[in-house]
Amino acid sequence: MARINLLPWREQLREERKKRFLVIMGGMLALSAAILFLSGKYLTATIEHQDARNAYIQGEIAVLDARIKEISELRTRRQQLLERMKIIQDLQGNRPVIGHVFDQLVRTLPDGVYFNSLSMQGDTLAIVGEADSNNRVSNLMRNLDASDWLASPSLTEVKALSTAEQTNSFQMTVKQTKPDAAVTVQGGKP
């Protein structure tokens, strides 16, 4: 006898395929969700790691900025100290010059000439004095011009104080100079 299967086998096959499809879809959906979740975790961890590195770098930059500022302040202080040292050295170097200038003033002063006042601004020496005659003032100017420590005497004013004594008052300026080392050594005493 022939067997006839009256069961709806096509329907069952369709249902099995549908279930299999839904299981596969559910598995894929779960797998996709897991991949998305893990990817998000990985990206979050990577971002946090990079943020930590950035924070560390920012901290190191702040430390280096502080060091740079400190170095800049030290350079400024060093420059100020060097300038002070130069001023002190210049003052120490000029100390003997004043002594030489006064010595030269005494050596160049001819008889009959007297200084009433001396004032110095920079390297210019202003002299106010009296002389017995105009010739004595001329001798003083020649002597000052011949000096190693003084140069360029310039007579500003000459006027007679009294006709009876023939005394003349004068005002002049003269420049202070430093002689060359060779001239100082050749001339003996500086």
From the list I88, I61, pick out the single residue that is modelled with pLDDT of 95 or more and of a type in the set (V, I, T).
I61
Just for the stretch 110-149: of the residues that are touching a residue at least 40 places away in the same chain (Cβ under 8 Å) and touching a Lys or Arg at 6+ places or on another chain (Cβ under 7 Å), which one is farthest from P96 (Cα to Cα)?
T124
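Assess whether H100 counts as being touching a Pro at 6+ places or on another chain (Cβ under 8 Å) and either outside the structural domain of L125 (by the TED database) or among the aromatic types (F, W, Y) (or both).
It is true that H100 is touching a Pro at 6+ places or on another chain (Cβ under 8 Å) and either outside the structural domain of L125 (by the TED database) or among the aromatic types (F, W, Y) (or both).
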Among (1) surrounded by fewer than 17 Cβ atoms within 10 Å (Cβ to Cβ); (2) out of contact with any Asp or Glu (no Cβ under 9 Å at 6 or more places or on another chain); (3) modelled with pLDDT of 85 or more, where does Y114 come up short?
(2)
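The values are calculated or read from the model by the stated rules, or taken from the named source; none is laboratory data. Quantities reported herein were computed from a predicted structural model and do not represent experimental measurements. Note that each Cβ is placed from the backbone with ideal geometry, even for glycine, and that neighbours are counted across all protein chains shown.
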